[in-house]
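Presented below is the structure to which this report refers.
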Amino acid sequence: MLEVDGLKKRYGDKVALDGVSLTVRPGEMYGFVGANGAGKTTTMRIVMGVLASDGGEVRWKGAPAGFETRRRFGYMPEERGLYAKMRVGEQVEYFGRLGGMDAPAARRSADALIERLGLTDRRGDEVAGLSLGNQQRVQLAVALIHEPELLVLDEPFSGLDPIAVDALAGVLAERTAAGVAVVFSSHQLDLVERLCDAVGIIKDGRMIAGGTVAELRARESRKRLRIVVTGAEPGWADRLPGEIVAKNDRPPQGDPAGPDGDQRYDEVILRPSDDQEALLLAARAGRVQHFGWQEPSLAEIFREVVA
Amino acid sequence: MNAISLVARREITVRSRTKGYRYGLVVTAILVAVLAALPKLLGGGSDYTVGLVGPQADRLQAALSAQAAHGDDLTIKITRFADEAAARRAVANDDVEVAVVDNATVVSKTVVSQTLSAILDTAHRMVATEENLTSAGLDPAKVGAAQQVRPMTELTLNGSGEDATIRRVIAMTIVVILFMLLIQICTWVAMGVVEEKGSRIVEILLTSVRPWQLLAGKTIGLGVLGLSQLIVIAVVGLAAAQLTGAVPQLPDGTYGVVATTIVWFLLGYAFYAAMFAAIASLVSRQEDLSGVLTPATMLLMASYLVGFVAAQSPDGPLTHALSIIPPFSAMVMPVRAAVVAVPLWETALAMGLMLLAAVAILFVGGRIYQRAVLRTGARVRWREAFGSAS
Ligand SMILES: Nc1ncnc2c1ncn2[C@@H]1O[C@H](COP(=O)(O)OP(=O)(O)O)[C@@H](O)[C@H]1O
Ligand SMILES: [Mg+2]
């Protein structure tokens, strides 16, 4: 288990991290989300030991992570880097050996990975001659080669086409199934929602929300009502108790609001101060077609907490 | 296998695969082979072919043979011709270099070399004088005896003259090779550092290798390449000298000079490689490299020039001092040792000081590298590089 505990980092006057904490369990896929400049890269670099923190601690399996521990982590930095003049196979093997494997093990592992990532006929090519997508795969292979127990991936999905995204997601899912802890940063929230067991949201160097996606959703879920009413007088919604988040008076295509298609249609997203009062008001105003708590998407939660 | 040797092996594999390295090796080997054969081609043995026609041919032949017997490595091959026409044909066909007709005319295709001209002139004077004296009524036997003059013995203060020239050629070769190798390999070190820093691959490397291991591996790997290049040069050079027969003319102690030059290369390399690596770690782009490297390159260049001066005046006070002072000693001392005999204690002192300097710069350079190599973006300032790690 990776425990990041109260990390602090400043660059001159600029506070980049102000007590960042998060936990990633074995077999868990952790999505680290936040706006640009929120502190994701800084946190990951400190976890990997390539940047010194000004305070706080990184622990692995309960003990402070030192150099030898970190050798067993796999890392994909935000700015990708490979030896342009090295061949794919020999490059991947090289990083395996640096990660502590002996020559035959590194070779076997490299062969398996290269095969898994569909690079077999590129094995002998120099990295400089590969397409960007293939370079990204080699980068992933370099992070995975020494069979790390923790994977730290900084924006691994950025710049990938949908097929490559699915391929990468598949590889990562295999790893978590094998008990590897994976943490990756991203601002593709739909992707994080789809893939991750746990999510942490960082803003201006502080964690402002964290937990499993279900937990986050539960925390945010009984907050918004979706109300659909037909045949009401204009302006009825203004009397609803609470704050109106969104309004829509055009019925969705092919989804008539009811038998009287030419009637007025009102859809309201409400952050109610009194839900029962809202229900009464809606029922009095017209015909209630829908009344219920809205399940927020991660993107909505994100906007909610970051705003 | 530990990290340092893994890094070193990668450097060797990848670098020795480049065309630049292979061609460079072949070209230097050829250059050195030519240089090594040079004493034979220039200073040493001379072979001349001379054609003779006319009644004095016998006596001219005797006079020429006498000179050939006295001269070091001087062979004169003599061919006799029946008449001038035959002799001219032989000259025209390059069968002989020159033909002397009737002890009066020298026939040659182009201008006769000074040495050969002098040899022919001497023979001509001997035969002509002998003839004049005999026709003036002197006893031919006495004239013959009077002509027997012992040649002067040469006494050069710094060994024999030819020896000194060869020593100087060897010394110059050493300076040029040391300079070329040092600047080449150290530039590779610097470019490698920037490659890793600029591509950010260093960020992955440093999660499994410590900065000093990375730096040590890179320097050792490229150093091994440099050393093997130097050894190839030395072996090719000495072999070429052997094959062309120049070896008997190589001054005493040449092998020792070659051996100590290798030690000096290693010392100089440790010093400059650490310096180049530390400086290179301050920048992130290859374009910025030559700018920041200028002071270090200048220092190396200065050593080179001083080494050249030293080859000319191996006994001068400046040469003497700089052959002890690091880092100049790395180039001046091997040069001085190639030309004159250097007391053992001076060599030991110079090597000891250079070793100290190299260790110091390895230490300082290693710290700078460690601080600067992970810093992205703008050039790292010296003050930051020396200051406490942030
Ligand atoms: N080397 C640096 N020098 C100064 N400020 C930096 C440096 N690296 C990052 N920062 C600042 O720290 C903050 C966090 O950056 P970063 O961790 O890269 O954010 P993210 O990865 O979430 O986009 C940003 O405000 C950024 O400008
Ligand atoms: Mg980032």
Quiz item: Any idea how far the Cα center of the stretch A:31-64 sits from the one of the stretch B:271-335, in Å?
Solution: 43
Self-check item: Degrees between helix A:132-144 axis and first principal axis of chain A (Cα, 0 to 90, nearest 10)
Solution: 70
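Once you sort the root eigenvalues of the Cα gyration tensor of the stretch A:220-306 as a ≥ b ≥ c, which label holds: rounded (a/c under 1.5), prolate (a/b larger than b/c) or oblate (the other case)? Write out the running numbers ahead of the final one.
Working: a/c = 2.24, a/b = 1.44, b/c = 1.55.
Oblate is the answer for the stretch A:220-306, as a/c is 1.5 or above yet b/c matches or exceeds a/b.
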Quiz prompt | the stretch B:46-141, relative contact order in percent, only Cα pairs under 8 angstrom and at least six apart counted | solution = 33
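If you average the sequence gap of Cα pairs under 8 Å that are 6 or more apart and divide by the length of chain B, what percent do you get for the contact order? The partial results should precede the final answer.
Numbers: 470 pairs, mean separation 78.4, N = 390.
About 20 percent, as a whole number.
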Self-check item: B:ASP47, A:ASP54, ranked by accessible area, largest first (probe 1.4 Å)
Solution: B:ASP47, A:ASP54
Quiz item: Taking the Cα-to-Cβ direction at A:ASP274 and at A:GLU243 and moving 7 Å from each Cα, how far apart do the two end points lie in nm?
Solution: 2.0
Self-check item: Gained length - B:ALA136 relative to B:ASN93, 0.36 nm times residue gap less alpha-carbon distance
Solution: 11.5 nm
Quiz item: For chain B: lysine pairs with Cα atoms under 21 Å, gap of 8 or more or different chains, count?
Solution: 4
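Fully extended, how many nm does the chain gain between B:VAL224 and B:ALA85 (0.36 nm per residue separation, minus their Cα-Cα distance)?
Details: separation 139, 0.36 × 139 = 50.04 nm, distance 6.40 nm.
Once the chain is fully extended between B:VAL224 and B:ALA85, it gains 43.6 nm.
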Exercise. Work out, in µm²/s and without decimals, the Stokes-Einstein translational diffusion coefficient of the stretch A:2-216 at 20 °C, 1.002 mPa s, Rh from Kirkwood over C-alpha pairs.
Key: 122
Self-check item: Where a label projected 7 Å from the Cα of B:GLN286 along Cα→Cβ would reach, residues of the stretch A:78-117 with amide N under 15 Å
Solution: A:82-86
Quiz item: Put a dot 7 Å past each Cα toward the Cβ at B:ARG22 and B:ALA118; how far apart are the dots in nm?
Solution: 4.9
Exercise. Give the angle, between 0 and 90 degrees and rounded to the nearest 10, that separates the Cα long axis of helix A:275-285 from the longest principal axis of the Cα atoms of chain A.
Key: 50
Quiz item: According to a simple spin-label model (label point 7 Å from Cα along Cα-to-Cβ), what is the distance in nm between B:ALA239 and B:THR129?
Solution: 5.1
Quiz item: In degrees, nearest 10, range 0 to 90: what is the angle between the Cα axis of helix B:344-372 and the longest Cα principal axis of chain B?
Solution: 40
Quiz item: Averaged over A:93-104, how many beta carbons belonging to a partner chain fall within 10 Å of each residue's beta carbon?
Solution: 3
Quiz item: At a Förster distance of 35 Å, what's the computed FRET efficiency of B:SER65 paired with B:THR110, Cβ-Cβ distance as r, to 0.05?
Solution: 0.90
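Given a cut-off of under 8 Å on Cα pairs at least six residues apart, what relative contact order in percent is computed for the stretch A:2-216? Write down the numbers at each step before the final one.
Numbers: 397 pairs, mean separation 70.5, N = 215.
Reported as a whole number, the value is 33 percent.
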Quiz item: When you look at the Cβ of every residue in B:7-14, what mean number of other chain Cβ atoms sits within 10 Å?
Solution: 3
Exercise. Round to the nearest 10 and report in Å² the accessible area of A:GLU115, as given by a 1.4 Å probe over the protein chains' heavy atoms.
Key: 130
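The values are calculated or read from the model by the stated rules, or taken from the named source; none is laboratory data. These figures come from a predicted structure and were not determined experimentally. Counting neighbours? That spans all protein chains shown, and the Cβs are built from the backbone with ideal geometry, glycine included. Heavy atoms of the whole protein, side chains included, go into the accessibility calculation; ligands, DNA and RNA do not. Shrake-Rupley method; radii C 1.70, N 1.55, O 1.52, S 1.80 Å.
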